[in-house]
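Structure first, commentary second.
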Amino acid sequence: MILSNDSSKPIYVQIAEWLENEIIAERFTANEKVYSQYQLAELFNINPATAAKGLTILVEEMTLYKKRGLGMFVAPEAKMMILEKRRNETLTKMVTDIVLEAKRLSVTKAELIQLIHKCEEEIQ
Amino acid sequence: MMFLSNISLTSVVLSQVKFKLSAYSGLIYSLIILQVLGILFATGWSSSGTSINNISINLNISSIDSGFIFVSLLAISVGNLITTRAYRYDDFSFVATRLSSNIANCIVLLIFSCYAGVTTYFTVYLMRIFLTFNSTNEFVEGPTILDDPMNSLLTILAMIIFLWMFSSLGYIAGTLFQNHKLLFFGALVIIIMLLLTGTWIRISEIIFVENSSLLILVAKTFGIAILIFATSTAISNRLGVRV
Amino acid sequence: MNVIDCQKVNKGYRRTNALEDITFQLTDQKITGLIGRNGAGKTTLLKILAGLTKHKSGEVNVFGKNPYNNLLVSANSILVDDQMTFPDSLTLEEILRSAPAFYKKWDTQLAVRLFQYFKLDSKQQHSKLSKGSRATFNMIFGLSTHCELTMFDEPTNGMDEAVRTDFYRALLKDYIAHPRSILISSHHLSEIEHLLEDILLIHKGKVVLHADLDEVKEYAVAIQGPVADVEKWTAGEEVLHSKRVDEQKQYAVFKKNSKLERARLEGANIQMLTASEVCMYMTSESKGGIDDVFK
Amino acid sequence: MSNTWMIFFIGLIPVVIGILIVLYITKKVKYKGSLRLNKIVIMIYFSLLIGVGIVYEIIPKEPIVEQLSEEQLQQLQTENEVFEEKLLKQEENKLSQKFLKEEWTHELSGNTLTLGYIGNDSYSTKVVVEWIDSTAQKIEGKVYRSHINLYGLKIEDKIPLHVAEWTGNELVIHEPVEQEFTFEQFSNELNVFQQTDTMEIRMVRGFTYIHLKVPKHIEIVDPLGLQMY
């Protein structure tokens, strides 16, 4: 994977996301050691401090846990947590976009809800 | 954790000296050219002829004076040359302070002077061989090193120290010129004024002429060179690099 | 510990001020980008830090010492720039061979390997090298010293694209293996952005910004929309740059703040900026752009 | 501006020109060589010069002219002075016989004796007359030459003698034919360091003395003033 400088996302976020993807794809399984900041730095050609920041995000989100002197390990319920988070984030973002677009098109809230109901019925 | 390398002034100076000796090794060609020129000019350098009983007797004395003068000019030039930008900047590509750089230059010039002094002294033999095969004239026995080893050594020593002092003159002129063009010309004017007043002649007489022995002259010259180098070091302290 | 500590450093050439009240600290083992436009004072600052020139006033401390004429600083720092010279009488090989006497941490293996990789001619003289090869050689020299403070001034000037990429990769790998403080100056941030941890942005001899790379990235945003709306959203904000896109639309760059979410909800077209764009806008001469010239 | 200063400044000009030329050479010597080559040249040049010195000392040399020391020259000078003094005092028996070059007698046909000289430097010859009580016409003559030395060179044998010849009643002293000798010498000393002026010619001036025993009735005509009293 090549990181993009021009992406609106900071590099460390991209690193965190990449690691999450790897966990989802089960290339890292529960309690497995993940790459160190230096390995990540070499892999992506980035500053180790930036890589460390990416790792820190995941530690803060409890996706990874630290073993002193040994490195970072995938939390047992990491995959689930990531999926949960993505679900929330993606949906929220989509809904926001829908609401904004509706506003531009002068669609009322009631009409919007009706539209959602209709879509749901069709899919089922 | 930072691990700073500690390095002493002495070791930096030694490394610089070693480095400079290699870096300036190309000067050997200039030295050889000038010594050969010296040999060519030496033949009949001091030639005197007198007539007695209607007989003219000419004595061509081939001495190392001409070689020494050429090499002295080289010493001034080299002293000047190593203060120029290119040479000065080279130092700062490696570990250097202005002090270490000046001390190293001073030592390097002394080493060069030693080499130049000894070789210039020995060019007289090159001259002898050259003339032995090229002259039909009779030879007058001349003193060799073995005849008066102490005096020969003293002559070599004097040559070395004088060359060193000449290089210090070039060095201070170069330093002044690099540091401040105005200062350089100012100093030049002051020196010429001094020369015109005659005080200077008196001073140089006291220093260079009125000596009871060559050894005292050498000692005085050595002191002057040291003084000049120290002054140059003080002047160069504010010189910027790669500006 | 601070590797560099500058307090109100001033430096002037004749009547112009090259540096004005430069104040910043650099903690150890970071790669910091010294960013600024041409003539911003990057080179002057680096030369002062390397002890090559003297500052006029203020206090400069490198490893806690004034770098000017300090042996400790000289032994533990190096400035690589295109004015670096080596004696003509020495071949590249001989130059590399004389380095360990000066730099105690000199990495001969690294030097030799990089030298071979970049296919430099060991019998060549430094001054005879092409601009790109000389820059490559200087870089090899600078990296191999393993100096605790390694500074590069526009190191890739003259290098071709492939060599640049290799150079930055080499720098990073060597940094990982031997962490130390590295300061790289460039007016081309996007090229080195990924390497950096910190950015020191200077403009007209002053420090504009000294921050974490990601902070810089999030320092400002761009917004585009109808003129009236843009003016409303940016009212009272610190606008770094603005320009008319066409009759109706306005483009503005301003400091990120909490009101942004609301603007977004109000339908503003908000664009994230890259770090180099942020730096560019922060150091632009005027609020307008090149387009204003053609009005 | 005094003369000394003129000389000084004129002397300064070649020095400045010299420095400029040497600077030019040093900068123009484009060929700086490689370090390896330079090191070799430096070593070889040094050993060459020392080697030449040693070789010079051991190779057989052409006949070499000896040079007298200052003391020896002084001694020659003293001998000359003593000789002249004694000659003037007519103490013939005390004269150093090594100066005696020629001895002759001559029968004069008249009562006048003319002294003549052919050559440029009549001052090199001094005639000393000892009057004797005799009525005969016989004149006894002895030619002496005192030490001649230039630059301390031991070349006295090479310097030809003046010849005194009789033509009738005239004693003509012939100067030797003009000749030139050139010698080569090497000096290991630097003249610039000499505290004393060594350029002064080291010379012992010798003379040709013609000692004549002349009967008292003979008149000497000496137009050139060769006679010494």
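Helical runs assigned H by DSSP (4 residues or longer) give the protein assembly as shown a calculated mean residue ellipticity at 222 nm of -15000 deg cm²/dmol, each run adding -39500 (n - 2.57) before division by the residue total. Based on alpha carbons, the Rg and Dmax found for chain C are 21.7, 70 Å.
Taken per residue, the accessible surface of the range D:110-158 reaches 42 Å², heavy atoms only and a 1.4 Å probe.
For the range C:119-168, applying the loop criterion from DSSP together with a ceiling of 14 other beta carbons within 10 Å to the trypsin sites (Lys or Arg not before Pro) yields C:Lys119, C:Lys123. With the whole protein complex present, D:Arg202 retains an accessible surface near 70 Å², based on a 1.4 Å probe.
Ignoring lysines fewer than eight residues from A:Lys66 along the same chain, the ones with Cα atoms less than 29 angstrom from its Cα are A:Lys9, A:Lys33, A:Lys53, A:Lys79, A:Lys85, C:Lys30, C:Lys173, C:Lys217. In the assembled protein chains, B:Ile32 presents an accessible area of approximately 40 Å² (probe radius 1.4 Å). Pop out the Kirkwood hydrodynamic radius of the range B:67-132 from its pairwise C-alpha distances, inverse of mean 1/r, in Å to one decimal. It works out to 13.6 Å. As a ratio to 2.2 N^0.38 Å, the alpha-carbon radius of gyration for the range A:11-77 is 0.98.
Radius of gyration (Cα atoms) of the range C:1-136, expressed as a multiple of 2.2 N^0.38 Å: 1.20. Averaged over peptide D:175-181, the number of partner chain Cβ atoms lying within 10 Å of each residue's Cβ comes to 5. Surface composition of the range A:79-123: carbon and sulfur atoms hold 65% of the protein heavy-atom accessible area at a 1.4 Å probe. Among the GluC sites (Glu not before Pro) in the range A:30-121, those placed in a DSSP loop whose Cβ has at most 13 other Cβ atoms within 10 Å are A:Glu32, A:Glu77.
Relative to the longest principal axis of the Cα atoms of chain D, the long axis of helix D:3-28 makes an angle of roughly 40 degrees. Solvent-accessible surface of the range C:2-213, averaged per residue with a 1.4 angstrom probe and all protein chains in place: 37 square angstrom. Compared with the rule-of-thumb size 2.2 N^0.38 Å for a compact globular protein, chain B has a Cα radius of gyration ratio of 1.21. Loop only per DSSP, at most 13 neighbouring Cβ atoms within 10 Å: give me the chymotrypsin sites (Phe, Trp or Tyr not before Pro) in the range B:50-110, ordered by residue number. Sparse-neighbourhood loop chymotrypsin sites (Phe, Trp or Tyr not before Pro): none present.
Which links in D:Lys98/D:Lys213; B:Lys18/D:Lys39; C:Lys104/C:Lys128; C:Lys54/C:Lys131 stretch past 22 Å when you go from one Cα to the other? Table pairs above 22 Å Cα-Cα are C:Lys104/C:Lys128; C:Lys54/C:Lys131. A straight Cα-to-Cα reach below 15 Å connects D:Lys158 with the aspartates and glutamates B:Glu138, D:Glu66, D:Glu175, D:Glu178, D:Glu180, residues fewer than 8 places away in its own chain not being considered. Interface of C with B. Using a 1.4 Å probe and counting protein heavy atoms only, the two chains hide about 3100 Å² of accessible surface, both sides summed.
Contact order for chain C, expressed relative to its length and based on alpha carbon pairs under 8 Å spaced 6+ residues apart, stands at 20 percent. For chain B, modelled as a GNM whose springs connect Cα atoms under 10 angstrom apart, the maximal fluctuation among B:Ala116, B:Ala230, B:Ala75 occurs at B:Ala230.
Residue-normalised convex hull volume from the C-alpha trace of the protein assembly as shown: 233 Å³ per residue. Note: relative contact order over chain B, using C-alpha pairs below 8 Å and six or more positions apart, is 24 percent.
Solvent-accessible surface, computed for protein heavy atoms with a probe of 1.4 Å, shrinks by 20 Å² or more for the following residues of the range B:4-22 when the other protein chains are added to the isolated chain: B:Leu4, B:Ser5, B:Asn6, B:Ile7, B:Ser15, B:Phe19, B:Ser22.
Note on the range A:79-123: Kirkwood radius taken over Cα pairs, Stokes-Einstein applied at 37 °C and 0.692 mPa s, translational D equal to 276 µm² s⁻¹. Exposed loop positions in chain D were taken to be GluC sites (Glu not before Pro) whose DSSP state is not H, G, I, E or B and which have at most 16 other beta-carbon atoms within 10 angstrom. Between these positions, the longest stretch is D:92-177.
In the range B:17-148, the C-alpha radius of gyration followed by the widest Cα-Cα span (Dmax) gives 19.9, 72 angstrom.
Once the Kirkwood radius over Cα pairs is known for chain A, the Stokes-Einstein relation at 10 °C and 1.306 mPa s delivers a diffusion coefficient of 95 µm²/s.
Of B:Gly49, B:Gly38, B:Gly79, the residue with the greatest mean-square motion in the GNM of chain B, using alpha carbon springs below 10 Å, is B:Gly49.
Which positions within the range C:86-101 get 20 Å² or more of their accessible surface covered by the other protein chains, compared to the chain by itself, with a 1.4 angstrom probe? Residues losing area: C:Phe86, C:Pro87, C:Ser89, C:Leu90, C:Glu94, C:Ser98, C:Ala101. Per residue, the accessible area of chain B comes to 41 Å² when a 1.4 Å probe rolls over the protein heavy atoms. Computed with a 1.4 angstrom probe on protein heavy atoms, the D-B interface buries about 7200 square angstrom of accessible area in total. Within chain B, helices built from complete DSSP H runs that reach 15 Å or longer along their own axis (Cα positions) and carry a mean Kyte-Doolittle hydropathy of -1.0 or higher are B:9-23, B:27-42, B:65-81, B:98-134, B:149-179, B:181-197, B:214-236. Cross-link reach is defined here as a Cα-Cα straight distance under 24 Å, omitting same-chain residues fewer than 8 places apart; for C:Lys56 the lysines meeting it are B:Lys181, C:Lys8, C:Lys11, C:Lys42, C:Lys47, C:Lys65, C:Lys204, C:Lys206. Quantify, in whole percent, the carbon and sulfur part of the accessible surface of chain C (1.4 Å probe; protein heavy atoms only). Whole-percent figure for carbon plus sulfur exposure: 48. Structure remark: mean-square fluctuation, Gaussian network model of chain C, C-alpha springs under 10 Å; the largest value among C:His203, C:His178, C:His146 belongs to C:His178. In percent, rounded to a whole number, the relative contact order of chain A is 22, using alpha-carbon pairs under 8 Å and six or more apart. For chain D, which whole-number percentage of the solvent-accessible area (1.4 Å probe, protein heavy atoms only) is attributable to carbon and sulfur atoms? The computed percentage sits at 58. Counting only heavy atoms of the protein chains and using a 1.4 Å probe, B:Arg238 has close to 140 Å² of accessible surface.
Evaluated on chain D, the Kirkwood hydrodynamic radius is 23.3 Å, with distances taken between all distinct Cα atoms.
The values are calculated or read from the model by the stated rules, or taken from the named source; none is laboratory data. Note that this is a predicted model, so its numbers are computed, not measured. Quick reminder, even Gly has a Cβ in these numbers, built from the backbone with ideal geometry, and neighbours come from all protein chains shown. These area figures cover heavy atoms from the full protein model, side chains too; ligands, DNA and RNA do not enter into them. Shrake-Rupley method; radii C 1.70, N 1.55, O 1.52, S 1.80 Å.
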